[in-house]
Amino acid sequence: MQCFAHFSLFCALKSRVMKKNIAIFASGSGSNAENIIRYFQKSGSVQVSLVLSNKSDAYVLERAHRLGVPCNVFPKEDWIAGDEILAVLQEARIDFIVLAGFLIRVPDLLLYAYPDKIINIHPALLPKYGGKGMYGDRVHQAVVAAGEKESGITIHYINEHYDKGDTIFQAVCPIFPTDSPDDVAKKIHALEYEHFPLVIEKLLNEK
């Protein structure tokens, strides 16, 4: 019985070590983050191990806490330098970073430490409606104001420029003349919830 117990413990520890660890960076409500965490709770090979934010009052922290995922909040100066953040990521053995509603620039130090291992989701079809300051409702308002007939999501790698990293995946939804920015937001959220975890999983399986 004792040998079996040791073997079971060994298997559990081995499984945990072999899992790929994701960190999510988020600044706001965190609905995408929660969706991703819940998705990978059912995975035997991937787990969300850490949530980092730049805002101590971001609701994503409450969501993560409720789901048992450790959180850290860093002030603006740490997001400029990056060394304190990198140390936490390395301690948690993070393999991959996902931006889910994260509103500040990722420091160069992290870009160099995680080449092609940091991705973002944008609520429009890049290169349209991208760049600094274009996020959330601002994007949907611009799409409606321009009379676009379609919008969608873009999942892309990040680099030193806002929304300029290579595109990984896009999904499209129709925009009707009667749609408000709120209507567009609902369609975009549905695409995000459906596709973001699947694309993350596919990328991790390929690496």
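The values are calculated or read from the model by the stated rules, or taken from the named source; none is laboratory data. In this text the structure is predicted, and so the values were computed from the model without any measurement. Please note: Cβ atoms are built from the backbone with ideal geometry, for glycine as well, and neighbour counts cover all protein chains shown. To get the accessible areas, we keep the full protein, side chains included, count just its heavy atoms, and leave off ligands, DNA and RNA. Shrake-Rupley method; radii C 1.70, N 1.55, O 1.52, S 1.80 Å.
A Cβ distance below 7 Å, combined with a sequence gap of six or more or placement on separate chains, defines the contacts here; from region 96-118, residues that are open to solvent by 40 Å² or more (accessible area, probe 1.4 Å) reach residues that are part of a strand (DSSP E or B) in the pairs Asp116/Tyr157; Lys117/Phe96; Lys117/Ile97. Every condition in (1) free of Cβ contacts under 8 Å to residues at least 12 places away in the same chain; (2) in contact with a strand residue (DSSP E or B) (Cβ under 7 Å, 6 or more places away or on another chain) holds for Glu206 except the one numbered (2). A count restricted to region 25-53 and to residues that are open to solvent by less than 40 Å² (accessible area, probe 1.4 Å) and free of Cβ contacts under 8 Å to residues at least 60 places away in the same chain stands at 8.
Scanning region 144-156 for any residue that is under 22 Å from Gly28 (Cβ atoms), surrounded by fewer than 21 Cβ atoms within 10 Å (Cβ to Cβ) and in contact with a Pro (Cβ under 9 Å, 6 or more places away or on another chain) turns up at least one such residue.
Exactly one residue out of Asp166, Asp137, Asp182 is surrounded by fewer than 13 Cβ atoms within 10 Å (Cβ to Cβ), over 18 Å from Ala23 (Cα atoms) and touching a strand residue (DSSP E or B) at 6+ places or on another chain (Cβ under 9 Å): that is Asp166.
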